[in-house]
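Undergrad: The following block contains the structure, expressed as structure tokens.
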Amino acid sequence: MRGRTGAGSQSLQAQQPAVALSDILSMSSLAPIFEPANAAELQPLEEFLPPDLPKDETATRDETLRRVIQSGPFRSTVLQLDRALATGLLGRLMPGFGLPEEAGLSVESFLRAIHDKARRDHEESRRE
């Protein structure tokens, strides 16, 4: 029985998402964003920082964002969103975020929908 890989192990593998937000939103994956050449890309993220985030007047924007990304609450929230997307039950919530219902079916669908929305929003803002 030791060498046997039954349907149970295949079922577990099938349930593992191909992409996890926790992998994408890790410091090692996000490191290129913090390169000096991308400084302008970081500025808009400041408005999404929690309003109750303790202010450190000596910290740079980059340091603050790094601290948030590495924090326990951020990591925990990303894992919870990973799990919720893996259920496929978030579809009905997605239109409230301006995304199609399909965005709530998996991490891949969610990321694709966010990418498409960002591209559309960018194109619209260029036209104005």
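Undergrad: Treating the Cα atoms of segment 52-128 as identical point scatterers in vacuum, please give the log10 of the normalised Debye intensity I(q)/I(0) at q = 0.17, 0.18 Å⁻¹, two decimals.
TA: Debye output, listed in q order: -0.84, -0.88.
Undergrad: For residue 67 and residue 80 in one chain, what is 0.36 nm times their gap in residues minus the Cα-Cα distance, to one decimal in nm?
TA: 2.8 nm
Undergrad: Using θ = phi - 60° and the Karplus relation 6.51 cos²θ - 1.76 cosθ + 1.60, list the HN-Hα couplings for segment 49-57 in order, rounded to whole Hz, with x at every Gly or Pro.
TA: Running phi through 6.51 cos²θ - 1.76 cosθ + 1.60 with θ = phi - 60° gives 5, x, x, 8, 5, x, 7, 10, 4 Hz.
Undergrad: Per-residue ellipticity at 222 nm for the chain, helices alone: DSSP H runs ≥ 4 residues times -39500 (n - 2.57), over residue total, nearest 500 deg cm²/dmol?
TA: -15500 deg cm²/dmol
Undergrad: Identify, among 103, 31, 42, the residue whose Cα sits farthest towards the positive end of the charge dipole of the chain, taking +1 on the Cβ of Lys and Arg and -1 on the Cβ of Asp and Glu, with the dipole about the Cα centre.
TA: Projecting each Cα onto the dipole axis, the largest value belongs to 103.
Undergrad: Over the chain, what is the relative contact order in whole percent, taking alpha-carbon pairs under 8 Å and six or more residues apart?
TA: This gives 21 percent for the chain.
Undergrad: Between residue 59 and residue 29, what's the calculated FRET efficiency when r is the beta-carbon distance and R0 is 22 Å? Round to 0.05.
TA: 0.50
Quick note: the coordinates plus some simple rules give every number you see, no bench work behind them. Since we're looking at a predicted model, the values are computed, not measured. Counting neighbours? That spans all protein chains shown, and the Cβs are built from the backbone with ideal geometry, glycine included.
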